[in-house]
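Peer 1: The structure is given below, and queries will be raised subsequently.
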Amino acid sequence: MDPRDAIKEIHDLTGSLIATGLCVDQNYPSEIIDGAECSVAFGKDVDLSIVLKNVPYVDVYKALSERRAFNIKMIDGALIQFQYRFSGGDIQGHRLAFFPSPDLQEYQNDPEIYETDDLYADMIAKNVVTVPVRFDYDPDSFVDYEHPVSHLTLGQYKNCRIPVSGPVSPFIFLNFILRSFYNTPYRKFSADMGEGHLEFGCSISDLEKRHMHIWVSST
């Protein structure tokens, strides 16, 4: 997988979500080249430092939305980000994030649309607690068992780093988000989204394998 492969897969996935009506706003992937390094992000270089600050989640979400720091904005307001970093064609890092809307403003503005269509049942259930999801690939910060090279963070918890077998492709990430949080439309539209073909090597350590971890099919 190189930057062009990542851009094409993100571009195709964005188009598929627009076609289904699940995506209501988008920034197509951009390529930023700095010497031998190439970054794939969402249109422009946006300051994301607020994500790591100790501020209420509603402020984090509002800042990301206002700065258009997303590839895809879902119909319920959730933001999806794809960021990859390559050097010499090899992956050096990624940050794949899902930020659910804290208030379902779209639903509150027009509830009858959502309540009459089963497609939105997963999104508006009153007992749902939304949780941000982030997959990081960060070899430079590796500390065995403490900071896995590839890991999953749930709920913005600082030390939540669930080991993952290796880097995650755009298709695998989006498939996980749709299957987990948009299951009804996922079952209806998944056949239209095609298949992912990008693969990575394995980065999980032997020690991490002996504890609970996530194995992705692209490694």
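Peer 1: So Phe98 fits all but one of (1) modelled with pLDDT of 95 or more; (2) closer than 20 Å to Ala63 by Cα; (3) out of contact with any helix residue (DSSP H, G or I) (no Cβ under 6 Å at 6 or more places or on another chain); what number is the exception?
Peer 2: (3)
Peer 1: Grab the strands (runs of 3 or more DSSP E) fully contained in the range 22-100, keeping just those with 2 or more residues being loosely packed, with under 14 Cβ neighbours inside 10 Å and β-branched (Val, Ile, Thr). Spell out how you get there, then give the answer.
Peer 2: Details: elements: 23-26, 30-34, 37-41, 72-74, 79-87, 90-99.
Once the strands (runs of 3 or more DSSP E) in the range 22-100 are filtered for at least 2 residues that are loosely packed, with under 14 Cβ neighbours inside 10 Å and β-branched (Val, Ile, Thr), what remains is 30-34.
Peer 1: Among the residues of the range 154-170, which ones are within 28 Å of Arg4 (Cβ to Cβ) and of a type in the set (S, T, N, Q)? Working first, answer last.
Peer 2: Let us first name the residues in the range 154-170 that are within 28 Å of Arg4 (Cβ to Cβ), namely 164-170.
Ser165, Ser169, listed by residue number.
Peer 1: For the range 107-158, give me each residue that is hydroxyl-bearing (Ser, Thr, Tyr) and at pLDDT 80 or above.
Peer 2: Thr130, Tyr137, Ser141, Tyr145, Ser150, Thr153, Tyr157
The values are calculated or read from the model by the stated rules, or taken from the named source; none is laboratory data. It should be emphasised that the depicted structure is a prediction, and the values quoted were computed from it without experimental measurement. No Cβ is skipped: glycine too gets one built from the backbone with ideal geometry, and neighbour counts run over all protein chains shown.
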